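Peer 1: Okay, here's the structure, questions in a sec.
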Amino acid sequence: MKTDLFQAMAQSIIDGDAEAAHRLAQQAIELSIDPLEAINEGFVAGVNHVGDEFACGAAFLPELVMAGEAMKTAVSTLEPEMNKRGTQREVLGKVVLATIHGDIHDIGKTLVGTMLSASGFQVFDLGVDVPIEAILAKAREVEADLIGVSALLTTTMSRQKELIRTADEKGLRPKIKIMVGGAPVTKEWVAEIGADGYSEDAIGAVKIARQLLGQPV
Amino acid sequence: MTKKIKSITNPAFELEILSPEEVQSIHSASLDIIQNVGVRFPSPKALDIWEDHGARVDRDRSIVRAPGRLIEQALEKAPPSYDLVARNPDQTLPLDGNHVFVGTDGCGVEVIDIQSGERRRSCWQDVADVARVADYLEEIAFHWVAVSAQDCPPETRGLHELRAVWENSSKHVQTESVYSEEEARAAVEMAAAIAGGREALHQRPVLSIMQCTASPLGQDGGSLEAALIAAEAGLPVGFMTMAACLTTGPATMAGTLAVGNAEVISATALIQLAYPGAPVFYAAAQTASDLRTGAYTGGGPEDFLFGAATNQLSDFYNIPLSMGSFATGAKEPDWQAGIENSLSTFMASAAMSDMLLGVGLLHGSRIWSYEQMLMDCEIFNVVHKMMEGIPVNDETLALEAIQTVGPGGNFLAQKHTREHMRDVYVPQFLDRRPYNVWEAKGDGPRDWARARAREILATHQPEPLEQKLSTEFQRIIQSLEKE
């Protein structure tokens, strides 16, 4: 019975079916199944399956994103029950994401957020056009391990440098690592401004985030 | 000496990949989107204009929902043709539907240094150097700002770039790098200085302005306000969608066309509502995102199809088109660059897109390469030759010469051959040498292109900009930097 339910949970993630994931999560609560067990034995198996399929070239990015969204739904459905039981899902790390002040381009940043949260990070996405102060304040508030900041324009890219300088001045680093991204960002720019990492795409960003937090890639 | 500008005109054939019914369907879908889903216009000024004309405006979310009739009536006010005026009047470009002109691509962030071959960050001098080479080349009709002048302050960078181009070329400049109201005001002032005053600028728009939309279904506030300033001054204004299948557009090409079209025609309608009859153009560089990474690709069959389809949309609205072609996703001038830039440019040309953007950038418009620039010109020359088609008449059928030569023999020594041999295409950057020569020399088209660019840079003297204009430009820029 439980095995069937767990299998259905995994399948809902593989199908990227958020509605089914929500329904199955509720069912688990009704059956008094430990929500952590439901996540780890059920839903995570689906995430891993899609990840493996992607790694060998059989799945594509939209499937990863849909699996990620379904996973997010399942976890948020189970969250009240976890709180009730005083348990917590183990997260790989806390990440604050934003597109820098003056810049409204968000597709890449949002995609990085989806991939990170699907991989087990807790993501605080502050959206676009976010002032440096607000990014750092949020990072302190949630005790973030990592900040990710995006820019598409060469004119706003310079604010990535400002963010890093300000973070240094406030003594937030090296405790908090800073990743940068966006079309004009190059590895030379990353070296110049002293960022901890960058990636040209969202899958790579997960790898870098894991590396920066000393986790197996 | 700057040569006469080369353009595709009076084509022997024209490509139409969409039926009139399909164009109408895309148009109807876009109107439906604008009316019911809405488009984001994050600018109080733009929202005021929409509200004044009866559109539904959600101030909290900056979303505009406008009835189809309002959009259609506004678009009808746009002039179907006008000139992109150049500092040198001989280089003025008629956007009349019967010319295809090529510009430089923009806006890259790195340059393959022409002397060292090293990749490095772009600076002001690179903007100037690219402009000077482009000024020389007959294939290049107008400029975009090819690379970012990253050694200039961000707030006035777009103006420093304009000065760099105007000081090094007498051709028309279309900037894609001015996207704030303050910078647009200053850019208008610079253009007016060349044209001979604000009034004269309406007749002689030596500058045009291209703004990007923010797909899906959004605009950038600074871009909108810059565009309104430019339109008021009489500068041609265009909005470019870069909607990409899978990410900023639906997975299907028709859906991505409908989304991008909604962005472009809503912004264009705004300009017409504010300044009826202002010269505007349609701009587009749609693509498909990479299925594996979601990244911008800069090439592929979807790009080529979008290149052919979009001119049918701009024709439907009866305004000129600035179409993204070239601009390969390849990392260096290689096989991928060749296939992508050739097919995108052929398809966009065969549909008679008015402006093609543009030559010279690699890696999805990030890295400038002079080699690629020159080889892109070769691609345009090949397409130009193809678009002439095959003239068939008594003279070209050459029956007399055929009779003289008869079976066997050859045509090399015929008078007819001497008269027509220059109709045959002569490449600059295709290797047709004997195998042993290629083997012995060990060089190739990329080396020749680089050498040619070096030679142009070392020798070409553009028509100088009057010193007093340069001084005036610096004054305008400095006054903004002091504030």
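Peer 1: Which of (1) modelled with pLDDT of 95 or more; (2) within 23 Å of B:D129 (Cα to Cα); (3) in a helix (DSSP H, G or I); (4) within 14 Å of another protein chain (Cβ to nearest Cβ) is the odd one out, the single condition B:A149 does not satisfy?
Peer 2: Status for B:A149: all satisfied but (3).
Peer 1: May I ask you to say which residue of A:G102, A:G148 is closer than 27 Å to B:S215 by Cα, more than 14 Å from the chain's Cα centre (by Cα) and not in a helix (DSSP H, G or I)?
Peer 2: That would be A:G102, the only listed residue that is closer than 27 Å to B:S215 by Cα, more than 14 Å from the chain's Cα centre (by Cα) and not in a helix (DSSP H, G or I).
Peer 1: Next question. Scan the stretch A:52-79 residue by residue and report those that are in a helix (DSSP H, G or I), within 14 Å of chain B (Cβ to nearest Cβ) and either touching a helix residue (DSSP H, G or I) at 6+ places or on another chain (Cβ under 6 Å) or surrounded by 16 or more Cβ atoms within 10 Å (Cβ to Cβ) (or both).
Peer 2: A:E53, A:F54, A:L61, A:E63, A:L64, A:V65, A:M66, A:G68
Peer 1: Now for a different question. Among the residues of the stretch A:80-96, which ones are touching a residue at least 40 places away in the same chain (Cβ under 8 Å) and assigned to a helix (DSSP H, G or I)?
Peer 2: A:E81, A:M82, A:R85
Peer 1: Output the residues belonging to the stretch A:151-178 that are part of a helix (DSSP H, G or I) and within 14 Å of chain B (Cβ to nearest Cβ).
Peer 2: A:T154, A:T155, A:T156, A:M157, A:S158, A:R159, A:Q160, A:K161, A:E162
Peer 1: On to the next question. Quick one: A:E192 ticks every box in (1) within 14 Å of another protein chain (Cβ to nearest Cβ); (2) crowded, with 17+ Cβ neighbours inside 10 Å bar one, so which box is it?
Peer 2: Result: A:E192 passes all but (2).
Peer 1: Ok, one more. I'd like the full set of residues that are small (G, A, S), surrounded by fewer than 24 Cβ atoms within 10 Å (Cβ to Cβ) and assigned to a helix (DSSP H, G or I), limited to the stretch B:310-359.
Peer 2: B:G338, B:S342, B:A350
Peer 1: Would you call B:I26 surrounded by 13 or more Cβ atoms within 10 Å (Cβ to Cβ), β-branched (V, I, T), farther than 30 Å from B:E463 by Cβ and at pLDDT 95 or above?
Peer 2: Yes; evaluated as a whole, the condition is true for this residue.
Peer 1: With respect to B:F281, determine if the residue is buried (at least 24 other Cβ atoms within 10 Å of the Cβ), part of a helix (DSSP H, G or I), away from every other protein chain (no Cβ under 14 Å) and of a type in the set (A, V, I, L, M, F, W, C).
Peer 2: Considered against the rule, which asks whether it is buried (at least 24 other Cβ atoms within 10 Å of the Cβ), part of a helix (DSSP H, G or I), away from every other protein chain (no Cβ under 14 Å) and of a type in the set (A, V, I, L, M, F, W, C), B:F281 comes out as no.
Peer 1: Can I ask one more? Any idea which residue in the stretch B:169-187 is farthest from B:A230 (Cα to Cα), counting only those that are crowded, with 24+ Cβ neighbours inside 10 Å and more than 13 Å from chain A (Cβ to nearest Cβ)?
Peer 2: B:S169
Peer 1: Being surrounded by fewer than 20 Cβ atoms within 10 Å (Cβ to Cβ) and in contact (Cβ under 8 Å) with a residue 12 or more places away in the chain is the filter here, so list the residues in the stretch A:20-32 that pass it.
Peer 2: A:A20, A:H22, A:Q26, A:Q27, A:I29, A:L31
Peer 1: Looking only at strands (runs of 3 or more DSSP E) that fall completely inside the stretch B:27-138, which ones have 2 or more residues that are basic (K, R)?
Peer 2: Those strands (runs of 3 or more DSSP E) span B:119-121.
The values are calculated or read from the model by the stated rules, or taken from the named source; none is laboratory data. Please read all numbers here as calculations on a predicted model, not as lab measurements. Because the Cβ atoms are built from the backbone with ideal geometry, glycine has one as well, and the counts that use them run over all protein chains shown.
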